[in-house]
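Taking it in order: structure first as structure tokens, then the write-up.
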Amino acid sequence: MADSFIAFFSTIEPHVAVFFLSMLPVTELRGALPLGVLWGLTPLQSFAWSIAGNFVPVIPLLLFLPWTIRTLSTKGPFRRPLQKLVAHNQRNQDKVRRWGMLGLFFLVAVPLPMTGVWTGCLVASLMSLPFIRSLIAVGAGMIVAGTIMMLLLNGVIALASWHRGEEVLLVVFVAVAVVFLYRRLKK
């Protein structure tokens, strides 16, 4: 399914595809930015389209997510999934409680799985954080995450252009995967 999804978006103009992919909660700008470069955009163009697309859902999410959660949590088929979602985001909420708006900023700014604009808006909504401060923290975190992704992408592109750069990237990837799996199994 992921292959057909990417194949569909690769038939659209690259900047439009990057814009729409960065709106989705699964890809956000972390997935859209590298795909934009893969599809022929410069890293700066891909960055700009990713930031623009990733910002589109922020205001509606911050405004309507609290109401949506309150309304759907009373309905039978939505009660259990929403309880699981709230429980799953409890760790993120604890970080934001500890660090305040800076915690929300870091939650969005660190480009890791299960972080980003959608998660930041969800946590801000679950905690009933003020709209303007949440908007600033999420927006600033999104720009920092995009900058980190662009720097990483430029580094990978530069490394891949070296003689035997692909082999070095493969070794680094395998080493990171081994450390990640080791830490996961240790828990």
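In segment 116-169, the residue that is nearest to Ile69 (Cα to Cα) out of those that are open to solvent by 70 Å² or more (accessible area, probe 1.4 Å) and not in a helix (DSSP H, G or I) is Ser128.
Within segment 29-84, the set of residues being of a type in the set (Gly, Ala, Ser), open to solvent by 30 Å² or more (accessible area, probe 1.4 Å) and either in a helix (DSSP H, G or I) or more than 23 Å from Met114 (Cβ to Cβ) (or both) comprises Gly40, Ala48, Ala52, Gly76.
Every residue in segment 116-129 that is on the phi > 0 side of the Ramachandran plot and either among the basic types (Lys, Arg) or at pLDDT below 90 (or both), please. Write out each step before concluding.
If we filter segment 116-129 for residues that are on the phi > 0 side of the Ramachandran plot, which is where we start, we get 116, 128.
The answer is Ser128, and nothing else.
For segment 168-184, the set of residues classified as basic (Lys, Arg) and either closer than 18 Å to Val156 by Cβ or under 22 Å from the mean Cα position of the chain (by Cα) (or both) consists of Arg184 only.
Given the residues Val123, Val144, Val171, which is the only one that is more than 30 Å from Val58 (Cβ to Cβ) and either touching a residue at least 12 places away in the same chain (Cβ under 8 Å) or among the aliphatic types (A, V, I, L, M) (or both)? Don't jump to the end; show me each part of the working.
Numbers: Val123 fails: more than 30 Å from Val58 (Cβ to Cβ); Val144 fails: more than 30 Å from Val58 (Cβ to Cβ).
After ruling out the rest, the residue left standing is Val171.
Quickly run through segment 85-115 and pick out the residues that are assigned to a helix (DSSP H, G or I), touching a helix residue (DSSP H, G or I) at 6+ places or on another chain (Cβ under 6 Å) and at pLDDT 85 or above. Matches in segment 85-115: Met101, Gly103, Leu104, Phe105, Leu107, Val108, Ala109.
Under the condition of being within 19 Å of Val117 (Cβ to Cβ), without any contact (Cβ under 8 Å) to a residue 24 or more places away in the chain and either open to solvent by 50 Å² or more (accessible area, probe 1.4 Å) or not polar (S, T, N, Q) (or both), the residues counted in segment 7-28 number 3.
Residues of segment 24-62 that are at positive phi and charged (D, E, K, R): Glu28 alone.
The values are calculated or read from the model by the stated rules, or taken from the named source; none is laboratory data. Bear in mind that the values here come from a model prediction, so they are computed numbers and not experimental data. Because the Cβ atoms are built from the backbone with ideal geometry, glycine has one as well, and the counts that use them run over all protein chains shown. What goes into the accessible areas is simple: the full protein's heavy atoms, side chains included, and nothing from ligands, DNA or RNA. Shrake-Rupley method; radii C 1.70, N 1.55, O 1.52, S 1.80 Å.
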